[in-house]
Amino acid sequence: MMSAFRTLLLCGLALAALYGMRNSTPGYGDITAPIAIRGAVGERVETRDFAFGAANVHLARQLKVESFGRVKDFSTSGIWLVIEGAAVAKTETMTLMSAEWLASNGLRYALSQRFSTVPGYLPTERLEPGLPRPVLLAFELPEAAVDQGTLLVARSRVSPLAEELSIALGDKKPAEIKPSVTIARSGSGAPWTLAAH
């Protein structure tokens, strides 16, 4: 009788230990996730391979792109989040192919693919070592996803254990949402001019 009780007790302890290990051990995705390097708007944030700084953040209901005297309107069911910044490669020529918006609820939003012809758009910019380049990023987001969100920038979306910049943009309120933002080509300096209306 005592040995049966002891066996039952040992089995219960083993099950409890296995359950605890299952719930506390990180999964493969967590183990190979990118290494987050944290920063904020206005700071230069650096990885081994590149540096990035987010300078200006704009919220708008409509985005207009002016090119060669023509204006194209881009609407969205939510709002536009436009970020002006600068990026530089540190050791070799590269292109930053991954930029995402991480909302406070954990949902991720990919960079809008509708602006490949806009000068300075991040995934189209070739970065050279030591030569900072102005870059633009644009996201289409639900209004609720803006507050307390984080910009994630990495060299590639599929590089396990790579470094990923995690830039907190702070509180953005609905009162800061402009009716429209216009992006136009510039003749000098930055490759674009940006005006909020």
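The values are calculated or read from the model by the stated rules, or taken from the named source; none is laboratory data. Note that the structure is a prediction, hence the values are computed from the model and not measured. Glycine gets a Cβ as well: all are built from the backbone with ideal geometry, and neighbour counts include every protein chain shown. Each accessible area value is taken on the protein alone, full model and side chains, heavy atoms only, with ligands, DNA and RNA left out. Shrake-Rupley method; radii C 1.70, N 1.55, O 1.52, S 1.80 Å.
Looking only at strands (runs of 3 or more DSSP E) that fall completely inside the stretch 58-120, which ones have 1 or more residues that are on the phi < 0 side of the Ramachandran plot and at pLDDT below 90?
On the way: elements: 70-89, 98-102, 108-110.
Result: 70-89.
Applying the selection to the stretch 122-131, what residues are surrounded by 16 or more Cβ atoms within 10 Å (Cβ to Cβ) and over 17 Å from LEU111 (Cα atoms)?
Initially, the stretch 122-131 is screened for residues surrounded by 16 or more Cβ atoms within 10 Å (Cβ to Cβ), giving 122, 125, 127.
Hit for the stretch 122-131 is LEU127, nothing else.
May I ask you to verify whether GLU125 is under 19 Å from ASN56 (Cβ atoms), of a type in the set (Asp, Glu) and without any contact (Cβ under 8 Å) to a residue 40 or more places away in the chain? Break it down into steps so the answer makes sense when it comes.
Details: under 19 Å from ASN56 (Cβ atoms): yes; of a type in the set (Asp, Glu): yes; without any contact (Cβ under 8 Å) to a residue 40 or more places away in the chain: yes.
Criteria met by GLU125.
With the requirement that a residue be surrounded by 12 or more Cβ atoms within 10 Å (Cβ to Cβ) and among the acidic types (Asp, Glu), what does the stretch 57-74 give you?
Once the filter is applied, which keeps residues that are surrounded by 12 or more Cβ atoms within 10 Å (Cβ to Cβ) and among the acidic types (Asp, Glu), the stretch 57-74 yields only GLU66.
One line per residue, one yes/no per condition, for (1) of a type in the set (Gly, Ala, Ser); (2) open to solvent by 50 Å² or more (accessible area, probe 1.4 Å):
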residue: ILE35; (1), (2): no, yes
residue: THR47; (1), (2): no, no
residue: ALA55; (1), (2): yes, yes
residue: THR76; (1), (2): no, no
residue: VAL82; (1), (2): no, no
residue: THR93; (1), (2): no, yes
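For the condition of a type in the set (Val, Ile, Thr) and either surrounded by 15 or more Cβ atoms within 10 Å (Cβ to Cβ) or touching a Gly at 6+ places or on another chain (Cβ under 6 Å) (or both), what is the one hit in VAL158, VAL181? Break it down into steps so the answer makes sense when it comes.
Working: VAL158 fails: either surrounded by 15 or more Cβ atoms within 10 Å (Cβ to Cβ) or touching a Gly at 6+ places or on another chain (Cβ under 6 Å) (or both).
The unique qualifying residue is VAL181.
Okay, residues lined up against (1) β-branched (Val, Ile, Thr); (2) over 15 Å from the mean Cα position of the chain (by Cα); (3) assigned to a helix (DSSP H, G or I); (4) modelled with pLDDT of 90 or more:
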residue	(1), (2), (3), (4)
ALA144	no, yes, yes, no
ASP147	no, no, no, no
LEU152	no, no, no, yes
VAL158	yes, no, no, no
LEU165	no, no, no, yes
GLY170	no, no, no, no
ALA175	no, yes, yes, no
VAL181	yes, yes, no, yes
